[in-house]
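Shown next, in structure tokens, is the structure this report addresses.
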Amino acid sequence: MVLSRLWRRTHWCMALAMLSGCFLSAAQNSRDSLLQALSDSPPKSIERAKILYGLSQSYRESAPDEAIRYGEELIGLSESIGSREYLFWGNMSVGVGHAIKGEFLDLALSSFIKALEIANQYNSTDWKLKQIKARINITGVYWQQKDVEHALPYVYSNIRELEELGEQLTLADSYQSLALVHQVLQQYDSSFLYLQKAIEIYEAAGEIKKRNNALLTSGNNYREAGEFRKSLATLQRALRLASISKDTVLIIDIYPNIARTYHRLSQLGQARFFARKGLELAEQKGQLPERATANLVMHEIYDATGQYDSALFYFKAYSGLKERMLNEEKVKKIQELAISHQAQQKAREYALLRQQYASINLQKTGLLALSILLLAMIALAVFLIRRLRRRKAELEALNGEVLSINARLVALMNEKKHMISLIAHDIRNPLSLIQLNTHALALNQPSDDEGRRQILSEIESATESIDAASLKIMEIENKSIEKGAIRMETIDLTQVVKASAREFQAYARSKLIDLQVGVPEQKLYTPGDPILMRHIIDNLISNAIKFSPSGRKAEVSIDSEQNMLAIRVRDEGPGLSAEDQARIFQKGQTLSARPTRGEPTRGEGLYLAQLFAQSMGGLISVESEPGRGAVFTTRFPLAGKKRAGQPV
């Protein structure tokens, strides 16, 4: 973003380091008068060199090809008359034309380096300023090529020269350029240092607009460095000062940057407020790039909050504005070609007027020039057609990207609904426990107080599990599914296993199954989400009881294996075939083994348990043979001795 902003064609000199007066100003004469003066000037004279330079400057923005042509003619003339000064400006003009076109940056760089070599041959103050200007342009080309490391030595050289010359405002501009280079290199401390130097000079010189722009750059720099509070304070100061000076253009740039900073601070309400303010102001002023930026910021904010319909709406608005900008760029290019053609036409007319007083040989030369011109026009037409085709392909690619994002949003919503339904499905286990225990109480079983207290404790634990699952559903509903709803903290795995086994004792007793728990006395810690960890262990114990015949036993144990903790759940059920083991953790799979009491099964439990285990850095495996039961082993990383509940 920084590099592209620096290289806006309408701010070429500012883009090269915000150095005011980076080229000689063009003469006030119109192009027609310059062309007339060129026609009347002596072929080899300083006067003709001045006119060529003026023409090159006048076409720089509207028709860079013409600027290059006149610059090359100026180079040839300067070499023939021995003018080192206009040889310098000729190379600068050619370089600027190529840089503004942006298609042959190596040619631009070569021209600027030639200009610098010429300027380096002299030591006067005027030539030192020319050296500075050439280095600025060399730096600009390297920035445009995203090669900031090669740009850095030229910027440092300019700063040394400017400090010696005492050119304070130009020095401040160079400080800001150097800060941008360090920002691209993510050397934020150096960037802040040079920005502060620039701001101090601008303050002292009363350059309000430049100071405010430097504050905007500094605020964005703080955000990229991760210092969001400083970023917010700096951007708000820039907004306040820009409002005082009524700099609407800068205010439009500041609003989306404040919104992005609030977004990084997770203050999404404030982020939406400033993004909307920026969008409204940009729409009032009719500025397409700023409107596109504001819509993109709104898309990012709504995408972060999971409001995908709104996110898609603003992304479509952003895409539409980008398309309009591309179309306007096409129109501008066509206008440039038209201006170039008009300039060539006028030049041809003046040449024809002169040829009326020339010989037949000059007329033949004119016809040859006309033929070359026609070939150039054909070449330009072919180039334009190819460029339009390339633009069309870019638009088609952008449309495909929009469709892809839309499909992705739909898939994310479906996955979110599926996750919620699966967690809601997990509520059935504690509900079953409550039903079994209430039925036992209704039958006055057991008859002693201790047994009743045990049953009531199990019912209370089951209701807590239901409440936790409900909270998990709401948590997933309120979060982006891409970021997930996992809250990692240090868990005492022995307590989780004991609590889960205690909850399922009633279920095991109802099937006359001996549920045995082998857990060591010392606490064993692992990083994970307590609710998801409980879900995994509940599912494995529930399955062991569900698929075991009456009168058998099921075992739950924990072992340490090097740097891992292994939770093993063993049953004496019907076992699993090799085919069942291959697809047991797949979504929606119903296996050949069936629950011994006809309990319902949807084939989702083990899929979800494996998904949760992997999300916490664990893995579930199974060992089984038909008729010999099954052993499910879940392994998690062993954590250090930390307090349970401590965030990871």
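The values are calculated or read from the model by the stated rules, or taken from the named source; none is laboratory data. From a predicted model like this one, the values you see are computed outputs, not experimental measurements. Every residue, glycine as well, gets a Cβ built from its backbone with ideal geometry; the counts of neighbours run over all protein chains shown. These accessible areas exclude ligands, DNA and RNA; they are computed on the full protein's heavy atoms, side chains included. Shrake-Rupley method; radii C 1.70, N 1.55, O 1.52, S 1.80 Å.
The one condition from (1) in contact (Cβ under 8 Å) with a residue 60 or more places away in the chain; (2) more than 19 Å from Val402 (Cβ to Cβ) that Glu280 does not meet is (1).
Of everything listed in (1) at pLDDT 95 or above; (2) open to solvent by 40 Å² or more (accessible area, probe 1.4 Å), the single unmet condition for Glu625 is (1). Among the residues of the range 206-223, some residue qualifies, meaning at least one is open to solvent by 20 Å² or more (accessible area, probe 1.4 Å) and under 21 Å from Leu268 (Cβ atoms). Answer yes or no: is there a residue in the range 527-548 that is surrounded by fewer than 16 Cβ atoms within 10 Å (Cβ to Cβ) and touching a residue at least 12 places away in the same chain (Cβ under 8 Å). Checked the range 527-548: no residue is surrounded by fewer than 16 Cβ atoms within 10 Å (Cβ to Cβ) and touching a residue at least 12 places away in the same chain (Cβ under 8 Å).
Residues in the range 230-241 that are in contact (Cβ under 8 Å) with a residue 24 or more places away in the chain and not hydrophobic (A, V, I, L, M, F, W, C): Ser231 alone.
Per-residue answers, yes or no, for (1) over 22 Å from Ile132 (Cα atoms); (2) in contact (Cβ under 8 Å) with a residue 60 or more places away in the chain; (3) assigned to a helix (DSSP H, G or I):
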site: Glu161; (1), (2), (3): no, no, yes
site: Leu169; (1), (2), (3): no, yes, yes
site: Leu178; (1), (2), (3): no, no, yes
site: Gln186; (1), (2), (3): yes, no, no
site: Asp189; (1), (2), (3): yes, no, yes
site: Tyr194; (1), (2), (3): no, no, yes
site: Ala198; (1), (2), (3): no, no, yes
site: Tyr202; (1), (2), (3): no, no, yes
site: Lys209; (1), (2), (3): yes, no, yes
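Considering each residue of the range 431-445, count those that are open to solvent by less than 50 Å² (accessible area, probe 1.4 Å) and at pLDDT 70 or above, and give that number. Final tally of qualifying residues: 2. Could you tell me whether any residue of the range 31-47 is open to solvent by 50 Å² or more (accessible area, probe 1.4 Å), β-branched (Val, Ile, Thr) and at pLDDT below 85? Checked against the condition, which is being open to solvent by 50 Å² or more (accessible area, probe 1.4 Å), β-branched (Val, Ile, Thr) and at pLDDT below 85, the range 31-47 yields no hits at all. Ser560 falls short on exactly one of the conditions (1) open to solvent by 60 Å² or more (accessible area, probe 1.4 Å); (2) closer than 20 Å to Val497 by Cα; (3) touching a helix residue (DSSP H, G or I) at 6+ places or on another chain (Cβ under 7 Å), and that condition is (3).
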